[in-house]
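Structure first, then comments.
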Amino acid sequence: MGVSNKFSCVMSDSFSPILVKADILDSYLRTDGVWIFTRNKQFYKTNNEKECAGKCEAERNFTCRAFLFTRKKLQCLTLAENAKMTVSFSSTDAVLYEKIIYLIQCKRGIGTDYRGTEARTQRGIPCQKWAEKIPHKPNYTPEKYPNAGLEENYCRNPDADESGPWCYTTDPATRFDYCAIPECENQCMQCNGEDYHGEVSRTESGLECQRWDVQEPHMHGFILKHYPDKDLKMNYCRNPDGELRPWCFTTNPKKRWEYCNIPRCNSPPPVTGLGSQCLSGKGEDYRGRIAITESGNACQHWNTQFPHKHGWIPDTYPCKGLEENYCRNPDGEKKPWCYTTNSSIRWEYCTIPSCDRTEQEIADVPVQVPLTEECYRGKGQSYRGTTSVTVSGRKCQAWSSMFPHTHIKTPDRFPDADLRDNYCRNPDGDSSPWCFTTDPNTIWEYCNLKRCDDHTQEPPNASPGMMEQNIGQSTPTTSGNSCILFYGMEYPCGQARSAVLLCFCPASCAPPHWQRRQTKKSLSQSKQYLATTTKISVCYNRYSDIKPKTRHCTSY
């Protein structure tokens, strides 16, 4: 029916797939306490969320994918982007509403309501933008079909074609072609199940899953506020952190977490083709060929384990584009990165040109950036470099940010310490530059820096967060079977309930599920105890308003 219209004139009646709901807010996913950064927005004054939703529905300056509403100022911001497309951060007074239809990357039925971002045909040909007339003059345009979602060059189905979403192609010899959009099969998963939205709520061994919004029997940091785009609903199995497949915390106090048995979908995963050749959002869809880090180090091949062992293996993560040694972002970092061929530098970010630039500007971007001397003198109080990674590979938290750790080491209080962005600094006269980390379970660590006059020295004494680097390097002790939690309660090592223990258990009694390890910064992707191999327990004052230090130690 609609196929012929792709070649010839179309009827004047426009097709308008509109999702009708009893309540206008039912079409949105609500997240409290979250703000997202976007340049394309409009401000309105409204009395409540429903009025703001009406502004989003009526927005004509751009396609409104989400809106923010502030309770105190009654301010409404309609947004062209959602949390999947940009950076989000904490904001206590804000409520984020995202249109559910733009969060779904699969099709229902013939896909007339598909609003995903696939922009290549089933044969990998890039789609032509709906508003352009070259190489093909389109019959379906945003002006003629304003409700069909004809934005950019994304696959759509404005004519209710029974074969599903399609697009005009950039190949002059091929006017249009269909797109490989997967079916929304709720109870199966594609790739590693990061987009799984089904309702399985038991682990592979039959244990019932713990709800994501409760902290009993296991405390954790995977809450909707911190992971607004991961669909952490009820106690359903999910994969918010790039694991091998969906998992959940269990309701068994003795079993912290376990994988879920989710069948794989019969339909093939989306065809990514060459993907984006420039940086859009966090660059998770970047498929370009830059293979050098921002400091000039060559990237290590993803399918090798030298000089750095890692878990990002192409065969294990088939949908992450881990080809050759090209920069990629398989784990939702702030931008693409890679392991380096430098044995002393495990990983670094890459410099990828932004898609906002012109083609000439993108072509002019160098693949190498001049290397700044990344070393410190004395205690490092004068260090003004741009390193923002700790000795264990964790990313630094911005000094002006209060998430995930609240502190008083702010630029306003320490104006002479140059507390810019998330760069390593030493505002308090510590032994070397340090930073708060973005890992909710590791408050701070020293940074991956060496003295300028001694490039062979070892990193500073390990802070609690870097203990994982020493696992298995010395002989385990068999003494001691208890750990002390931050609220002063004592539990056997195998029954520790918290993801924030205030001591490290001996390796002999550490079960394999204490703390989720940062996948690219450590040798394993398993959730496990950060066990030391000596009799030591390091305790913090978790809620201190100063940088936490060792308060006291308890020998086992």
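Structure values in brief
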| quantity | calculated |
| --- | --- |
| Number of the condition not met by Cys265 [criteria: (1) outside the structural domain of Asn192 (by the TED database); (2) hydrophobic (A, V, I, L, M, F, W, C); (3) modelled with pLDDT under 85] | (1) |
| Residues (modelled with pLDDT under 85 and more than 19 Å from Ile100 (Cβ to Cβ)) located in the stretch 170-188 | Cys188 |
| Per-region count, the stretch 64-116, residues over 27 Å from Asp159 (Cα atoms) and of a type in the set (Asp, Glu) | 1 |
| Filtered residue count, the stretch 164-204, keeping only those that are more than 28 Å from Asp229 (Cα to Cα), touching a strand residue (DSSP E or B) at 6+ places or on another chain (Cβ under 9 Å) and among the small types (Gly, Ala, Ser) | 0 |
| Strands (runs of 3 or more DSSP E) contained in the stretch 23-115 and holding at least 2 residues of a type in the set (Val, Ile, Thr) | 28-36, 88-99 |
| Test: residue in the stretch 12-29 that is touching a strand residue (DSSP E or B) at 6+ places or on another chain (Cβ under 6 Å), modelled with pLDDT under 85 and exposed (fewer than 13 other Cβ atoms within 10 Å of the Cβ) | no |
| Residues being open to solvent by 10 Å² or more (accessible area, probe 1.4 Å) and either closer than 25 Å to Asp356 by Cβ or of a type outside the set (A, V, I, L, M, F, W, C) (or both) - total across the stretch 30-69 | 25 |
| Top-ranked residue in the stretch 105-121 [being surrounded by fewer than 20 Cβ atoms within 10 Å (Cβ to Cβ) and not hydrophobic (A, V, I, L, M, F, W, C); ranked as farthest from Arg287 (Cα to Cα)] | Gly109 |
| Only one of Glu183, Glu151 that is among the acidic types (Asp, Glu), within 29 Å of the chain's Cα centre (by Cα) and under 13 Å from Gly109 (Cα atoms) | Glu183 |
| Residue that is open to solvent by less than 10 Å² (accessible area, probe 1.4 Å) and without any contact (Cβ under 8 Å) to a residue 40 or more places away in the chain, where the choices are Trp166, Trp130 | Trp130 |
| Residue that is most open to solvent (accessible area, probe 1.4 Å) [pool: residues in the stretch 232-257 that are in contact with a Lys or Arg (Cβ under 7 Å, 6 or more places away or on another chain) and within 19 Å of Lys282 (Cα to Cα)] | Asp241 |
| Pick from the stretch 197-221, criterion under 27 Å from Ile36 (Cα atoms) and either modelled with pLDDT under 85 or surrounded by fewer than 20 Cβ atoms within 10 Å (Cβ to Cβ) (or both), ranking: nearest to the chain's Cα centre (by Cα) | Gly221 |
| Residues of the stretch 290-340 satisfying the condition of being within 26 Å of Arg264 (Cβ to Cβ) and outside any loop (DSSP other than H, G, I, E, B) | Arg328 |
| Residue match in the stretch 288-295 (condition: modelled with pLDDT of 85 or more, out of contact with any His (no Cβ under 7 Å at 6 or more places or on another chain), surrounded by fewer than 16 Cβ atoms within 10 Å (Cβ to Cβ) and more than 30 Å from Cys188 (Cα to Cα)) | yes |
| Residue that is modelled with the lowest pLDDT [pool: residues in the stretch 143-163 that are open to solvent by 10 Å² or more (accessible area, probe 1.4 Å) and of a type in the set (Asp, Glu)] | Glu151 |
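The values are calculated or read from the model by the stated rules, or taken from the named source; none is laboratory data. Owing to the predicted nature of the structure, the values given are computational and were not obtained by experimental measurement. Cβ: placed from backbone, ideal geometry, glycine included. Neighbour counts: every protein chain shown. The area values use the complete protein model at the heavy-atom level, side chains included, leaving out ligands, DNA and RNA. Shrake-Rupley method; radii C 1.70, N 1.55, O 1.52, S 1.80 Å.
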